[in-house]
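Just so it is clear, none of the values below were taken in a lab; they were calculated from the coordinates. All of these numbers come straight from a predicted model, not from anything done at the bench. Reconstructed Cβ throughout: ideal geometry from the backbone, glycine too, with neighbour counts over all protein chains shown.
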Amino acid sequence: MNPAMARDLYIRMLRIRLVEEKIAELYPEQQMRCPVHLSVGQEAVAAGVCAAVGSEDYAVSSHRSHAHYLAKGGDLRAMMAELYGRVTGCCKGKGGSMHLIDRSVGFLGAVPIVGSTIPIGVGAAFGTFLRKERRVTVVFLGDGATEEGVFHEAVNFAVLRQLPVVFVCENNFFSVYSSLAVRQPSTREIYELARGYGLESRQGDGNDVEAVYGLAKAAVHRARTGGGPTFLEFKTYRWREHCGPHYDNHLGYRSEQEFEEWKRRCPIARLKQRLLQQGVETQQDLDKLEATLADEVEEAVAFAKASPFPELQLLGEHLYAP
Amino acid sequence: MTRDVKFFQAINEATDLCMARDPSVYLMGLHVPADPKGVFGTVSGLRKKYGPDRMMDMPTSENGMTGVAVGSALVGMRPIMVHQRIEFALLAVEQIINQAANWHYMFGGCDAMPLVLRLIIGRGWGQGPQHSQSLQAMFAHIPGLKVVMPATPHDAKGLLIAAVEDNNPVIYLEHRWLHNIFGPVPEGHYTVPIGKARKARPGRDVTVVATSYMVLESLRAADLLARDGIEAEVVDVRTLRPLDTEYILESVTRTGRVVAVDGAWRSVGFAAEILALVAERIYGALKAAPKRVTFPDLPSPSTPALAQHFYPRAVHIVNEVRTMLGLKEVTEEQLGIQHESPLDVPDKAFTGPF
């Protein structure tokens, strides 16, 4: 991988990490009055996939969408302001953390009903097909979403019409507290299930951003050149609790040991080590980079906190589109 | 030029016209191109004209395909989705209510959601509990949706064109028993504005507020009442959400009496909403307690032996009005009503099944 690309991936991941950790730090102030589903530990999938598409391409996501939104190029200030419920937020405060959107970079939206954006993403791809555009649509989903009927309905249609879609499944092994073991047969891999629908389906290391990027690039190329949809499964791990800023290993639904093993495979630390070993970056360069990104995050938080809340008149607005 | 056409032809004309005017309009539904009857004639001939991508058959995946329609609407298409029975749309209420209805508001006005769902309400010939429900109140309960129920061929065409041109999700409910009624329909493009009620018949003594097929029964009732010098005004609601409240209130203020007639369940229903509106806003104008004529709060039975007692008819409306005026109830026999065809079919030409 060329150094510029590696640096791009590193920046995308680190930026997500710093944003999420800042949210975790500030959440106890109780000024972000909405649920937050943090992506700490899962940054590589968002970064690797989004680096393989352009802002003319589309993406949709679900409840854990901060990473996807940011990696796709979504406006950080508008996201922070949305979490703070301010009128400068990407939904003017009406959506909160679970409804991020930035049409200027093709991020069509995120919703917290598991699986619901899968057919919507396929529909966006169908729309581009009908309009004879060359855009690719990325559908981010979790392992739980593959248990929803609508996943199967949408994949079937995408294959039927050979639509330009890349399904990206982040398999973090848990639907809230329910492990994959109580939800799907242990003898079957998710990407194999998807393959049964007749589309290209691959599995990759979700904590290796370069591997993610490589698989995503091939899938996006296939979609853009009329080769139809691809399903990509990436195993990865959410470090913090399902919803909220804390760690929750003490609850007992997963073991401390399992958590520590995944933490050792931190996607950001892994790439950082490679960059340093290969002499692509120096420690000083990376420190400087991190400081710059941290400043950007601080600035976005300050922007959000300084922004006004929506006026009462906004309560009744946007019921219908003009 | 205006000429008489059937309700189903009016829908067909509206669809044809919308698709000819705007290449982003497309229609999908199960069996749409394969159905030799062309979804009760409403899409006959259109596939040949517009091709399989714009007159599109679909997998048996109501929820997923509604999501596909929603997604395509986000990127510039204007989908029309058809379900041959409203019950099939229940598989897709997640997409309709959570997503389509909320989308514009929850994203702070970022996107429009131009989506039309044509849902056909069945009735008769033993279609029973899952092929003849009337769920307008459920959809009309949801902010963000628009809900229309045309009762004439004129409105069937004008409201469908308005729905397709609207930038919001519109639930277009068509009653199977209206498909074959005749009425004057202008040629070419026109719209009936969403959110406007219509005076189907003027009157001074009582306002009958009715929806869809029950507008026809209400007009029959008004004819019967007129024989005894009772002048009933019939208001055809046309749009259940957003409701034309001022129009309804103006009429009831004038007559001082109201009967809400809705072909659906009684409790927590649309007729209840009309009564609540009147009671809250113009209680002082009422000369009598407001009344409703609805289905009983029961699933709709299949056998004609029970179905004939399930669906209210003109005589039931007549008697609500008579009771309100302190007059004795009458029977269909006393009114001289003779049914030309059995009560489980829309007209005598019909030989089943739907």
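Which chymotrypsin sites (Phe, Trp or Tyr not before Pro) does the range A:220-321 hold that lie in a coil by DSSP with at most 10 other beta carbons within 10 Å? All intermediate terms of the calculation are to be shown ahead of the outcome.
Numbers: sites: A:PHE231, A:PHE234, A:TYR237, A:TRP239, A:TYR247, A:TYR253, A:PHE259, A:TRP262, A:PHE303, A:TYR320; in loops: A:TYR237, A:TRP239, A:TYR247, A:TYR253, A:TYR320.
Answer by residue number: there is no such site.
Take the alpha carbon gyration tensor of the protein assembly as shown, find the square roots of its eigenvalues, order them as a ≥ b ≥ c, and report rounded if a/c is under 1.5; if not, report prolate when a/b exceeds b/c, else oblate.
prolate
Karplus couplings for the range B:315-329 from phi (6.51 cos²θ - 1.76 cosθ + 1.60, θ = phi - 60°), rounded to Hz, Gly and Pro as x?
4, 6, 5, 3, 6, 4, 5, 4, 4, 4, 8, x, 9, 6, 5
Please list, ordered by chain and number, the residues whose modelled amide H lies under 5 Å from the amide H of A:SER116; skip anything fewer than 5 residues away on the same chain.
none
Can you work out the Karplus-derived ³J(HN,Hα) for every residue in the range B:244-259? Use 6.51 cos²θ - 1.76 cosθ + 1.60 with θ = phi - 60°, whole Hz, and x for glycine or proline.
Result, rounded to whole Hz: 7, 5, 5, 4, 5, 5, 4, 5, 5, 4, 6, 8, x, 9, 9, 10.
For a test of the definition: using alpha carbon positions, the gyration tensor, and the 1.5 limit on a/c, classify the range A:173-302 as rounded, prolate or oblate.
oblate
Could you list which residues have their amide H under 5 Å from that of B:VAL5, counting only those 5 or more apart in sequence or on another chain, with H placed in the peptide plane?
Here the answer is B:GLY183, B:VAL185, since their amide H atoms fall under 5 Å of that of B:VAL5.
For a quick check: with amide H placed at 1.01 Å from N, whose amide H comes under 5 Å from B:HIS31's, ignoring anything fewer than 5 positions away on the same chain?
B:MET58
How long are the three semi-axes of the equivalent ellipsoid of the range A:54-196, in whole Å, if each is the root of 5 times an eigenvalue of the C-alpha gyration tensor, listed from largest down?
26, 21, 11
GNM on chain B, C-alpha springs below 10 Å: top fluctuator among B:ARG227, B:ARG238, B:ARG292?
Of the options given, B:ARG227 has the highest mean-square fluctuation.
Efficiency by 1/(1 + (r/R0)^6): what FRET value for B:ALA34 and A:ARG134, r their Cβ-Cβ distance, R0 = 45 Å, to the nearest 0.05?
Computed FRET efficiency for B:ALA34 and A:ARG134: 0.90.
Using only the Cα atoms of the range B:198-335, build the gyration tensor, take square roots of its eigenvalues as a ≥ b ≥ c, and label the shape rounded, prolate or oblate: rounded if a/c is under 1.5, else prolate if a/b is larger than b/c, else oblate.
Verdict is oblate for the range B:198-335.
Mind checking which aspartates and glutamates have their C-alpha under 13 Å from B:LYS146, skipping anything on the same chain fewer than 8 residues away?
B:GLU165, B:ASP166, B:ASP244
Over chain B, with a Gaussian network built from C-alpha contacts below 10 Å, which listed residue (B:LYS199, B:LYS49, B:LYS157) shows the highest mean-square fluctuation?
B:LYS49
On full extension of the chain, what length is gained from B:HIS189 through B:SER267, given 0.36 nm per residue of separation minus the C-alpha to C-alpha distance?
24.2 nm
Using the basic label-point model (7 angstrom from Cα toward the beta carbon), what is the B:HIS309 to B:SER44 distance in nanometres?
Inter-label distance under the simple model: 3.9 nm.
Beyond a 23 Å Cα-Cα separation, which of these cross-linked pairs lie in this structure: A:LYS94/A:LYS217; B:LYS157/B:LYS199; B:LYS287/B:LYS328?
A:LYS94/A:LYS217
Out of all DSSP beta bridges in chain A, what portion is antiparallel? Express it as a percent rounded to 5. All intermediate terms of the calculation are to be shown ahead of the outcome.
Numbers: 3 of 27 bridges.
Counting DSSP beta bridges with both partners in chain A, the antiparallel share is about 10 percent.
Return the FRET efficiency for the residue pair B:ALA20, A:ARG33: r is the Cβ-Cβ distance, R0 is 45 Å, and the value is rounded to the nearest 0.05.
My answer for the efficiency is 0.35.
In peptide A:153-159, what is the residue-averaged number of other protein chain Cβ atoms found within 10 Å of each Cβ?
For this peptide, the per-residue mean of nearby foreign Cβ atoms is 5.
Can you work out ³J(HN,Hα) from phi for every residue in the range A:282-299, in order, using Karplus 6.51 cos²θ - 1.76 cosθ + 1.60 and θ = phi - 60°, giving whole Hz and x for Gly and Pro?
Once θ is set to phi - 60°, the couplings for the range A:282-299 become 9, 4, 5, 4, 5, 4, 5, 4, 5, 5, 5, 5, 4, 4, 4, 5, 4, 5 Hz.
What does the extension gain come out to for A:GLN257 and A:ARG224, with contour length at 0.36 nm per residue minus their alpha carbon separation?
Result: 7.7 nm gained on full extension.
To the nearest 500 deg cm²/dmol, what mean residue ellipticity at 222 nm is calculated for the protein assembly as shown from DSSP H runs of n ≥ 4 alone, each contributing -39,500 (n - 2.57), summed and divided by the residues?
It lands at -11500 deg cm²/dmol.
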